[in-house]
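Report on one structure; see the data block that follows.
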Amino acid sequence: MAVEIAGLKLKNPVMTASGTFGYGEEYAQYLDLNRLGGIVVKGLSLKPRLGNPPPRIMETAGGMLNAVGLQNVGVDVFIEEKLPFLRKYDVAVIANIYGESYAEYAQVARKLSAVPGVHALEVNVSCPNVKKGGLSFGADPKAAAEVTRRVKAETHLPVIVKLTPNVTDITVIAQAVEKAGADAVSLINTLAGMSIDLKTRTPHLKNITGGLSGPAIKPVALRMVWQVAQKVSIPVIGMGGIMTARDALEFMVAGASAVQVGTANFINPLVTMEIIEGMRQYVKHHKLKSITEIVVTLKV
């Protein structure tokens, strides 16, 4: 079940997705964190952030809309108060980071790279670029590449760039960050969506729009993972609507070397354990030497 992503060794290919597992401590009473392949913590910014006003989560058919607004404690508080707890466990800790400028990305990366207990950085480029009129860094190949270069210059850790699906061609962005030095890419982040209250004729979310996640987006995520895997030589981490071991295995067949489980954690806190066991049974049933044997094996 072991896999390796850009030098990062994982016990198994199952990680938690950023923003759905807190800082790990929130789920520790429900499952053994040591059994996870990795924990991707809630996105960290240079300063604490309150996020958007409520309502900011809305259930949809086959999914969930969220406009939490990247609420977090800030990188300094994470290092001082959250990271010591995670160090108690034998699990890879991946810090998801974001910034509103190139300099902020670099500063957060520098701080996290200077402390023990962080094993990789996941760079969220689906953030407003305030210097570009609100355009997401991840929608612009040049901006995404520049963020990647800035972060790489500040760290010795593996750098995973998390890609937004809200673009015309996600492979162009993937190739740009690979050329800029990314060690891996993870995809997909949420799809932009909205929900309307027909009684009041107002949006359900205070922010009007939000990010759609959950099983409804799985076909889109699978397609994008498959497309990106054909275009880059670095590892691909797949996510988007994974609810079962079967879902996770499909992503690996499409080209993912590992997966992240997100929205499913809200429904079933033990879902990652069930997925890991289901994948282990698949390996045993098919008499595989390693789970890695199924990666990029889609026949088209």
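The values are calculated or read from the model by the stated rules, or taken from the named source; none is laboratory data. Predicted model, so just to flag it, every value in this text is computed and none were measured. Here Cβ is always computed from backbone atoms with ideal geometry, including for glycine, and neighbour counts include all displayed protein chains.
Can you name the residue in the range 171-207 that is in a loop (DSSP other than H, G, I, E, B) and of a type in the set (S, T, N, Q) and is also nearest to ALA95 (Cα to Cα) among such residues? Lay out the reasoning, then the answer.
First pass over the range 171-207, keeping only residues in a loop (DSSP other than H, G, I, E, B): 180-183, 188-190, 195, 198-201, 204-207.
So of that shortlist, the ones also of a type in the set (S, T, N, Q) come out as 189-190, 195, 200, 207.
On the way: ASN189: 16, THR190: 18, SER195: 31, THR200: 40, ASN207: 26 Å.
Taking the candidates together, the pick is ASN189.
Results for (1) in a helix (DSSP H, G or I); (2) among the aromatic types (Phe, Trp, Tyr); (3) out of contact with any Cys (no Cβ under 6 Å at 6 or more places or on another chain); (4) under 21 Å from ILE276 (Cβ atoms), shown as yes or no for each residue.
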position	(1), (2), (3), (4)
ILE39	no, no, yes, yes
GLU59	no, no, yes, no
GLU81	yes, no, yes, no
VAL93	no, no, yes, yes
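Yes/no matrix, rows are residues, columns are (1) among the polar types (S, T, N, Q); (2) surrounded by fewer than 24 Cβ atoms within 10 Å (Cβ to Cβ); (3) over 14 Å from the mean Cα position of the chain (by Cα):
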| residue | (1), (2), (3) |
| --- | --- |
| ILE237 | no, no, no |
| THR244 | yes, yes, yes |
| MET252 | no, no, yes |
| LEU270 | no, yes, yes |
| VAL283 | no, yes, yes |
| HIS286 | no, yes, yes |
| query | Filter the range 208-229 for residues that are of a type in the set (Val, Ile, Thr) and in a helix (DSSP H, G or I); which is nearest to ILE242 (Cα to Cα)? | reply | ILE217
| note | Taking the range 156-182 and keeping only residues that are surrounded by fewer than 21 Cβ atoms within 10 Å (Cβ to Cβ) and either among the β-branched types (Val, Ile, Thr) or on the phi > 0 side of the Ramachandran plot (or both), one is left with VAL167, THR168, THR171, VAL172, GLY181
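Quick one: is THR263 of a type in the set (S, T, N, Q), in contact (Cβ under 8 Å) with a residue 12 or more places away in the chain and more than 25 Å from GLY69 (Cβ to Cβ)? Write out each step before concluding.
Details: of a type in the set (S, T, N, Q): yes; in contact (Cβ under 8 Å) with a residue 12 or more places away in the chain: yes; more than 25 Å from GLY69 (Cβ to Cβ): no.
So THR263 does not fit the description; no.
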| request: Might you let me know whether the range 84-96 holds any residue that is buried (at least 20 other Cβ atoms within 10 Å of the Cβ), touching a residue at least 40 places away in the same chain (Cβ under 8 Å) and on the phi > 0 side of the Ramachandran plot? | output: no
| Among the residues of the range 100-119, is there at least one that is assigned to a strand (DSSP E or B) and buried (at least 17 other Cβ atoms within 10 Å of the Cβ)? | no
| field | Criterion violated by SER113 - all others in (1) among the hydroxyl-bearing types (Ser, Thr, Tyr); (2) touching a Phe, Trp or Tyr at 6+ places or on another chain (Cβ under 9 Å); (3) free of Cβ contacts under 8 Å to residues at least 60 places away in the same chain; (4) more than 30 Å from ILE196 (Cα to Cα) satisfied | value | (2)
| remark: Expected output for the range 204-226 (first residue closer than 17 Å to VAL261 by Cβ, partner among the polar types (S, T, N, Q) and modelled with pLDDT of 95 or more, Cβ below 6 Å, 6+ apart or cross-chain) is GLY211/ASN66; GLY211/THR190; LEU212/THR190; SER213/THR190; SER213/THR263; GLY214/THR263
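Could you identify the single residue in VAL91, VAL125 that is closer than 25 Å to ILE208 by Cβ and under 17 Å from the mean Cα position of the chain (by Cα)? Explain how you work it out, then say what you get.
Numbers: VAL91 fails: closer than 25 Å to ILE208 by Cβ.
Just a single option satisfies the conditions, and that option is VAL125.
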| request: Looking for whichever is in contact (Cβ under 8 Å) with a residue 24 or more places away in the chain and more than 15 Å from THR263 (Cα to Cα) here; the options are VAL14, VAL40, VAL75. Which one fits? | output: VAL75
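Residues of the range 4-38 being among the aliphatic types (A, V, I, L, M) and crowded, with 24+ Cβ neighbours inside 10 Å, which ones? Step through it out loud before you land on a result.
Filtering the range 4-38 for residues among the aliphatic types (A, V, I, L, M) gives 5-6, 8, 10, 14-15, 17, 28, 31, 33, 36.
Hits for the range 4-38 are ILE5, VAL14, MET15, ALA17, LEU36.
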